[in-house]
1. Can you give me the ranges of the helices (runs of 4 or more DSSP H) entirely in region 1-113 with at least 1 residues that are in contact (Cβ under 8 Å) with a residue 40 or more places away in the chain?
2. So which residues in region 117-163 are in a loop (DSSP other than H, G, I, E, B), exposed (fewer than 14 other Cβ atoms within 10 Å of the Cβ) and modelled with pLDDT of 90 or more?
3. Name the residues in region 244-259 that are over 20 Å from the mean Cα position of the chain (by Cα) and either in a loop (DSSP other than H, G, I, E, B) or within 24 Å of residue 69 (Cβ to Cβ) (or both), would you?
4. Among the residues of region 242-262, which ones are crowded, with 18+ Cβ neighbours inside 10 Å and out of contact with any helix residue (DSSP H, G or I) (no Cβ under 6 Å at 6 or more places or on another chain)?
5. Just to verify a result, which residue in region 269-286, among those that are within 13 Å of residue 301 (Cβ to Cβ) and assigned to a loop (DSSP other than H, G, I, E, B), is nearest to the chain's Cα centre (by Cα)?
6. Give the number of residues within region 287-316 that are touching a strand residue (DSSP E or B) at 6+ places or on another chain (Cβ under 7 Å), surrounded by fewer than 17 Cβ atoms within 10 Å (Cβ to Cβ) and assigned to a helix (DSSP H, G or I).
7. I'd like to verify a number: residues in region 197-211 that are part of a loop (DSSP other than H, G, I, E, B) and crowded, with 21+ Cβ neighbours inside 10 Å, how many?
8. Within region 241-248, is there a residue that is modelled with pLDDT of 95 or more and under 25 Å from residue 115 (Cβ atoms)?
């Protein structure tokens, strides 16, 4: 993704070429990424590996944000759905655009490491209240506890399921070990919840299973300088804004904690935000907002065509 922007805009080409220089041919034991090839010609299976997806997505989001800023378009708030918080931090001037992509490359590798040996499943539960899903997860975990054993890797427990994303009314994602997630789906079905959609992911993200990744981020951030926020970032750890000195700790906790995205969207709506620009390769935010506030305007930018459409409609 991003090839059309790379070919059209010299500043995007310069940025992507710089990233390739930083990420390719690593001599410190980190796998070679071949950044440009993956971004423009990578097969779906390879690109879908979280250690590849994360730097590719953040790079693209940063490139689009850079182009918008050059047009004089600056957001009142920046926010992201999990990974997107890193590009939100770039938009706010907290992280350098090169540093952020290097960080999420390491974050993705650490998340893959955390997922090793875990038969994983994430499912979107449709039409259930938070209280019910929380109670079912607790019941499943209590039922598995007597037979659970401690994993030698990062102190994880087998047979656990957690709420991972609270996206919008009627959509809560649960995540964890497959048998535990299956059991939670079974109990929810018994209580009248009719839909559970398995998500195509490679790990039990935003749960305590990611403790290794959280510890790795703590080490990585020791060598990264975080700037002060030039605009407010809304963090899904809390569903609100944070002080500058709280950001590092929030990003360490984020990877093992539920994503409070509905709360984050409501925070921005209550603050007066009426127009959202979703940068990436989907329409997730538009779908979530339809369940919260149908009057909110959402633009999606995922290539040069949708970028131009947004600019044209904005200037109309």
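1. 3-8, 10-23, 50-70, 84-91
2. Hits for region 117-163 are 119, 129.
3. Selection gives 244 alone.
4. The answer is 247, 251, 254, 257, 258, 259, 260, 261, 262.
5. 280
6. Total satisfying the criteria: 1.
7. If we filter region 197-211 for residues that are part of a loop (DSSP other than H, G, I, E, B), which is where we start, we get 199-207.
Right, trim to crowded, with 21+ Cβ neighbours inside 10 Å and you get 203-207.
Residues that pass the stated criteria total 5.
8. At the first step, the residues of region 241-248 found to be modelled with pLDDT of 95 or more are 241-248.
This time we only want the ones that are under 25 Å from residue 115 (Cβ atoms), so: 248.
Yes, region 241-248 contains at least one residue that is modelled with pLDDT of 95 or more and under 25 Å from residue 115 (Cβ atoms).
The values are calculated or read from the model by the stated rules, or taken from the named source; none is laboratory data. The structure displayed is predicted, hence computed values, not measured ones. Every residue, glycine as well, gets a Cβ built from its backbone with ideal geometry; the counts of neighbours run over all protein chains shown.
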